Amino acid sequence: MNQDPFFQATIEGLQLVGHRYVVLTLKSPASFHFYAGQYTQLEFSDLDGRFKKYYSIASAPRSDHTFELCLLVDDTRVWQWIRSQSLGQTVRVAPAAGNFHRPHPERRVIMIGGGSGITPLKALFEARAQDLQSASTILLYGCQNDGEIPFYHELLAQTARHPKMAVHFFAEDLITQRAQQGRPLDQLHKFIDSEADYLLCGPKGMMESAHDLLIAQGIPPSHIHRDRP
C-alpha cells in the first residue's frame, strides 16, 4: 500500500494583493522540510472534485514552521476555493521539490523577477537576509502596475534591516507611486557585475531577454540561473 505523501497544513493568513494575487500563509508540521527556492503542490477540493497546482514557496525556512505561497487567481476554481477558506482550515501540501540555484553566501547576487516569479526570489532574498555573512543582494522586480506587488512591505523591511540588501520595483503603470516607471531590464545595465550570480524568474519572454542581455554584457552562462529551463 502506498503511503500518502501529502501533509496537512493550517491556514494562518489570506491576503489579497491587488486583483491578481493572494498570499497564503500556512503552518506545516515539523516534518515538512524545504529550502529556499523550492516549490510544492497544493491539493484543492471543490464541488467538481479535487485538483492540484504547483506553487513556489515564497519564504525561507522558519522556526515556527510557517511558510508563504503566492497564488495567481487567474483560475476560476482556485478563486472560488480561496473565497471558501478561512483561518484555521487545512489544506493538503505535497513534499517540497526543485533545485533552483542557491548561490554561495559569499557571492554577490542580482535577482531579476517579473509577475508571480517574485515567489522563489523572495524566498532566496529572505534566506540571504537571515545570513548576516551573505554578500550584497539586489532584487529587480517588474510588474504591470504597482498596486499589485506581492511582499512589497516584507521586502522593504528586509532591506531596512540589512544594508547589503536592496530591492528596486518597476511597473508599467504607476497607481500608488511605489515603483519606478518602466521595466527592470531597461535598468539592468546599471547593476552589471561580472563576478555576480544572476537569478531569473518570471515570464518566459522576460527571462530569455534577461539572459540575452547578460550574455551580451559578457556575463558567463555559468553565472546565469533560471528557476526552469
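A short reminder: the numbers here are calculations on the coordinates, not readings from a lab. Since this is a predicted model, take the numbers as computed values, not measurements.
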Restricting to bridges with both residues inside the chain, how much of the DSSP beta-bridge set is antiparallel, in percent to the nearest 5?
55 percent
Using alpha-carbon positions, the gyration tensor of the chain gives root eigenvalues a ≥ b ≥ c; with a/c under 1.5 called rounded, otherwise prolate if a/b exceeds b/c, else oblate, the class is prolate
Compare L26, L121, L213 in a GNM of the chain, Cα atoms joined below 10 Å, and give the one with the largest fluctuation.
L213
Full extension between L87 and H153 adds, at 0.36 nm per residue less the Cα distance, a length in nm of 21.6 nm
For the chain, what's the relative contact order in percent, using C-alpha pairs closer than 8 Å and at least 6 residues apart?
19 percent
Using a Gaussian network model on the chain with a 10 Å cutoff between Cα atoms, which of I112, I82, I57 fluctuates the most?
I82
With springs only between Cα atoms under 10 Å apart, run a GNM on the chain and tell me which of E106, E126, E43 wobbles the most.
E106
